[in-house]
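Every number in this text was worked out from the coordinates using simple rules, so none of it is lab data. Just so it is clear, the model here is predicted, and its values are computed rather than measured. Here Cβ is always computed from backbone atoms with ideal geometry, including for glycine, and neighbour counts include all displayed protein chains.
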């Protein structure tokens, strides 16, 4: 399959591999080259146990800049560097060197995270499956999620997880337009949810319970929730949760808050 007409360059980890318009490049050949590099790096990896970025096959590409984009939130990079077969590990920059430096930073971060969790790096050259965030809260409200995607995001279908954010679905500098649309469609103000995370929108009480809450977040891993909960046929319960200073990962903070909610439900 030949590519569509669009100028860009393909680089190997050692330098420029080719320089053509896309219409002159056979993507099957590029794929074969990447697979050959992946196979070669895999073979070399058998000779050692600890791997650095230089032990992985790397692809660097040059892209066209979209001059029509006038926002400031999304930064466009002329160059993107990625690990072949582990494509989520990438870096971008205005030069090939900058892209490789950002890739190195990203690789160092992932290496540290895996070491902390007691996990090994994937062997160079192997295909690494994409790990998707949990959908537990979204799936608990499947009909609402489908309605939200259609009426708020104006899409026929989209994959959303508990960590998906409004920012994932637009290129504007803020979430103002979508927050306003949520208010119009559902009559709910979610502007106080700083992360704009779908998982924070849809933290659900047990069936038959009613809940009213005020959430917030800030610096140093701060998250707080003040809620009043009405169990069926019982007096309301006031719950306050405040976390700060220890957990920069919003998913883990949200899970702690959810655990507090489950504990409250189990006490009733």
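Listing 181, 114, 41 from fewest to most neighbouring C-beta atoms within 10 Å gives 114, 181, 41. Give me the percent of Cα-Cα pairs in the stretch 19-169 that sit more than 25 Å apart, rounded to a whole number. Of all Cα-Cα distances in the stretch 19-169, 48 percent exceed 25 Å.
As a rough footprinting exposure proxy, the listed residues 44, 53 were ranked by other beta carbons within 10 Å of their own, and the order from fewest upward is 44, 53. Here the calculated FRET efficiency for residue 185 and residue 98, from their Cβ-Cβ distance with R0 = 30 Å, stands at 0.10, rounded to the nearest 0.05. Computed over the stretch 133-191, the convex hull of the alpha-carbon atoms projects to a mean area of 4.0 nm².
Between residue 126 and residue 150, the modelled label-to-label distance comes to 4.3 nm, taking each label 7 Å out from Cα in the direction of the beta carbon. The ranking of 186, 79, 69 by Cβ neighbour count inside 10 Å, starting from the fewest, reads 69, 186, 79.
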